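Visitor: Here it is, the structure, as structure tokens.
What follows draws every value from the coordinates through simple rules; no lab data is involved. Just so it is clear, the structure is predicted and the values come from calculations on it, not from any experiment. Cβ placement follows ideal geometry from the backbone for every residue including glycine, while neighbour counts extend to all protein chains displayed.
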Amino acid sequence: MSDKNLVINLNKPEGMSSQQAVTRVKHIFAAQKAGHAGTLDPIATGILLVCVDEATKITRFLAETDKEYVAVMKLGERTNTFDSEGQVIKKVENFNLEEDNIETVLERFKGKIKQTPPMYSAIKVSGQPLYKLARKGIEVERPDRNVNIYKLDIISFAAPFLEIRVLCSKGTYIRALCDDIGTALDVGAHIVALKRTKIGDFRIEDSAELDELPDKKESVCSIDKAIKYLKEIVLTPEDFLRAINGALIAPLELSGLPLNSYLRLKNPEGKLFAIGKVTGPAIKIERLLNVLPNKQ
């Protein structure tokens with residue numbers, strides 16, 4: 001792929017922050033800028049989508065897609081961070097749980113649920129990340145968020161370790177989910193291992209380790225392919241000229257599209273040049289991508 005406006009499906013290693021991983025990828029591809037589409041904690045591994053150069057403009061569209069995780073929980077211990085890096089704040093020994101008991105509890109967490117974000121998270125309150133407040137021993141009220149758990153299955157159970165697979169909507173905190181499951185089981189729990197195995201159409205099987213880049217071609221894709229889940233519209237020459245000059249456009253294909261939905265806008269030659277947003281009877285440019293050889 002000749003241009004550097006790419007999305008890289010990276011298998012982030014354990015012990016590395018998402019930003020450190022982004023910096024490594026940026027260096028490998030000699031990119032001017034880079035960003036990621038959804039943070040992974042240092043303890044976590046798996047898919048981190050790294051966007052370089054013009055692809056940084058689509059990070060939020062990738063972050064909004066559904067995700068799949070595989071998590072290993074240790075039952076019988078609850079920690080203040082909900083993972084193995086925190087302090088144990090509750091311990092239950094000699095508990096007796098059968099897989100059937102666990103399955104019954106997991107059913108409660110399937111579908112649309114409310115979730116309280118953990119204090120050890122990057123969410124900001126009054127401009128301050130929650131994890132910084134948590135490190136000072138300060139706990140603040142966090143509004144619940146609505147998330148959707150599409151699938152929640154047991155992979156294996158050998159007490160005290162429970163391995164689960166979760167398919168969920170954007171914004172789901174797997175650490176918080178596991179903590180809530182532990183509480184519902186009356187024994188407490190925390191995550192000891194977490195792997196993100198899917199983001200939208202991106203799969204862990206196609207991801208690359210850092211030392212496989214930039215040669216593992218299946219882990220690297222164009223902006224157009226990365227957001228192929230968005231409907232595309234190829235514009236007429238007249239609409240294309242209006243669009244790149246900032247005017248609203250109303251192509252025939254607009255009929256019936258949901259309000260506020262996003263589209264891949266292509267020039268008359270079928271090349272992606274922008275992401276559009278449906279605003280009533282017209283489309284406006286949401287993100288203009290500097291990817292065409294010449295502005296027409």
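Visitor: Go ahead and set up a Gaussian network model of the chain, Cα springs under 10 Å, then flag whichever of E107, E163, E54 fluctuates most.
Guide: Of the options given, E107 has the highest mean-square fluctuation.
Visitor: Compute log10 of I(q)/I(0) for segment 231-288 with the Debye formula, placing one identical point scatterer on every Cα and leaving out solvent, at q = 0.13, 0.19 Å⁻¹, to two decimals.
Guide: Listed by q, the Debye log ratios stand at -0.24, -0.54.
Visitor: Rounded to whole Hz and in sequence order, give me ³J(HN,Hα) for segment 110-120 from the Karplus expression 6.51 cos²θ - 1.76 cosθ + 1.60, θ = phi - 60°, writing x for Gly and Pro.
Guide: Values per residue, Gly and Pro as x: 8, x, 7, 9, 9, 9, 8, x, x, 4, 7 Hz.
Visitor: Further question on the same structure: Which ³J(HN,Hα) values in Hz, rounded to whole numbers, follow from the phi angles of segment 153-166 under the Karplus curve 6.51 cos²θ - 1.76 cosθ + 1.60, where θ = phi - 60° and Gly and Pro get x?
Guide: Once θ is set to phi - 60°, the couplings for segment 153-166 become 10, 7, 8, 7, 9, 9, 2, x, 9, 10, 9, 10, 10, 10 Hz.
Visitor: For A208, what is the net charge nearby, where nearby means another residue's Cβ is under 10 Å from its Cβ and Lys, Arg count +1, Asp, Glu -1?
Guide: With Lys, Arg at +1 and Asp, Glu at -1, the net is -4.
Visitor: Taking springs between alpha-carbon atoms closer than 10 angstrom, which of I233, I138, I47 fluctuates most in the Gaussian network model of the chain?
Guide: Most flexible of the set in this elastic network: I138.
Visitor: Can you find, among I191, P117, P251, the residue sitting farthest towards the positive end of the charge dipole of the chain, where Lys and Arg contribute +1 and Asp and Glu -1 at Cβ?
Guide: P251
Visitor: I need the semi-axes of the equivalent ellipsoid of segment 1-66: take the C-alpha gyration tensor, multiply each eigenvalue by 5, square-root it, list largest first in whole angstrom.
Guide: Details: eigenvalues 68, 40, 15 Å².
Taking √(5λ) for each Cα gyration eigenvalue gives 18, 14, 9 Å.
Visitor: Follow-up. Most fluctuating residue of G86, G35, G188 in a GNM of the chain with Cα springs under 10 Å: which is it?
Guide: Looking only at G86, G35, G188, the largest GNM fluctuation is found for G86.
Visitor: Continuing with this model, one more query. Which angle from 0 to 90°, rounded to the nearest 10, does the C-alpha axis of helix 18-28 make with the longest principal axis of the chain?
Guide: Taking Cα atoms only, the helix is inclined about 40 degrees.
Visitor: Follow-up. Would you indicate which of [x] 139; [y] 152; [z] 127 is the value of volume of the Cα convex hull per residue in Å³ derived from the coordinates of this structure?
Guide: [y]
Visitor: Against the empirical 2.2 N^0.38 Å scaling, what ratio does the C-alpha Rg of segment 122-272 come to?
Guide: Working it through for segment 122-272, the quotient is 1.50.
Visitor: Here's something else I'd like to know. For segment 238-251, in order, what is each residue's ³J(HN,Hα) by Karplus, 6.51 cos²θ - 1.76 cosθ + 1.60 with θ = phi - 60°, in whole Hz (x at glycine and Pro)?
Guide: For segment 238-251, the Karplus curve yields 5, 5, 4, 4, 5, 4, 6, 9, x, 8, 6, 10, 9, x Hz.
Visitor: Taking the dipole about the Cα centre of the chain, with the C-beta of Lys and Arg at +1 and of Asp and Glu at -1, give me whichever of L265, L288, V7 is farthest to the positive side.
Guide: Going by the charge dipole, the pick is L288.
Visitor: With the cut-off at 18 Å, tell me which of the pairs K74/K195; K110/K228; K26/K67; K90/K114 have Cα atoms farther apart than that.
Guide: On the way: K74/K195 15 Å; K110/K228 28 Å; K26/K67 24 Å; K90/K114 23 Å.
Flagged as over cut-off: K110/K228; K26/K67; K90/K114.
Visitor: Which value, in debye to the nearest 20, gives the size of the charge dipole of the chain about its Cα centre, when Lys and Arg are +1 and Asp and Glu are -1 at the Cβ?
Guide: It works out to roughly 1180 debye.
Visitor: Separate question: From the residues N148, N96, A134, which one has its Cα farthest along the dipole of segment 94-196 in the positive direction, the dipole being from +1 and -1 charges on Cβ of Lys/Arg and Asp/Glu about the Cα centre?
Guide: A134
Visitor: Next up: Can you list residues from other chains, or at least 5 along the same chain, whose modelled amide H is less than 5 Å from the amide H of G86?
Guide: Under 5 Å from the amide H of G86 lie the amide H atoms of T81, each far enough along the sequence or on another chain.
Visitor: Let me ask another. List the residues of segment 274-293 whose backbone N lies under 20 Å from a point placed 7 Å from the Cα of A247 along the Cα-to-Cβ direction.
Guide: In segment 274-293, the label zone of A247 (backbone N under 20 Å from the point 7 Å along Cα→Cβ) covers 274-289.
Visitor: Based on Cβ point charges of +1 for Lys and Arg and -1 for Asp and Glu, what charge dipole magnitude is obtained for segment 92-183 about its Cα centre, in debye rounded to the nearest 20?
Guide: 860 debye
Visitor: Once you list every other residue whose beta carbon is under 15 Å from the beta carbon of M119, what net charge do they have if Lys and Arg are +1 and Asp and Glu are -1? Intermediate results must be reported in sequence, preceding the final value.
Guide: Values: positive: R78, K124, K132, R135, K136, R142, R145, R175; negative: D41, D83, E85, E139, E141, D144, D179, D180.
Surrounding charge for M119 is 0.
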